[in-house]
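> If you scroll down you'll find the structure; I have some questions about it.
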Amino acid sequence: METNMENKKQIRRFKGEYSFLGNFFPVPVRFEGITYPSSEHAFQAAKFSDIEVRKGIAKRKAAKEAKLFTRGFPSPLDWDERKVEVMKTILFCKFTQNPKLSSFKNDRLL
């Protein structure tokens, strides 16, 4: 079976009316007892069992800051095996905890 890759678009980032789909979108996500400012914050925190590190990540205002903060710590050895399932869980939390995201259009909640 052949696939014509010319007709397929690769999504590189979510912007405009679809920005809410990105992990850096600022919407609270409660994950494992802590509320984070975005799903990216929660994803970065999931790498660590230390509650103080997780709280430190949650205090970062922007998702980019949270991601940069975690670079100072080594990732767990099993992170590559766990990260996809962790992200699925976090995204489930994001969309079930914020049902207004389904009404999102043109960078505004209706």
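Since every read-out is calculated from the coordinates, none of them should be taken as a lab result. Quick caveat: nothing in here was measured; it's all calculated off a predicted structure. Methodologically, a virtual Cβ is constructed for each residue, glycine included, from the backbone with ideal geometry; neighbour enumeration extends over all protein chains shown.
> Give me a comma-separated list of calculated 3J(HN,Hα) values for region 28-42, in order, Karplus coefficients 6.51, -1.76, 1.60 applied at θ = phi - 60°, integers in Hz, x for any Gly or Pro.
x, 9, 8, 9, 6, x, 10, 9, 10, x, 7, 5, 5, 4, 5
> Hey, another quick one. Could you list, in their original order, any pairs among K9/K61; K67/K100; K15/K61; K47/K88; K15/K94; K15/K55 whose Cα atoms are separated by more than 22 Å?
K9/K61; K67/K100; K15/K55
> What list do you get for D78, D50 if you sort them by fewest beta carbons within 10 Å?
In increasing order of surrounding Cβ atoms, one gets D78, D50.
> Can you put Y18, Y36 in order of Cβ neighbours within 10 angstrom, beginning with the fewest?
Going from sparsest to densest Cβ surroundings: Y18, Y36.
> Using Cα-Cα distances under 8 Å and only pairs 6 or more residues apart, what relative contact order does the chain have, in percent?
Relative contact order, the chain: 29 percent.
> Then there is this: For the chain, what does the alpha-carbon gyration tensor say about shape, rounded, prolate or oblate, given a ≥ b ≥ c as the root eigenvalues, a/c under 1.5 as rounded, and a/b over b/c as prolate?
Because a/c hits 1.5 or more and a/b fails to exceed b/c, the chain counts as oblate.
> So how do S102, S39 line up by other beta-carbon neighbours within 10 Å, fewest first?
Listed from fewest to most nearby Cβ atoms, that is S102, S39.
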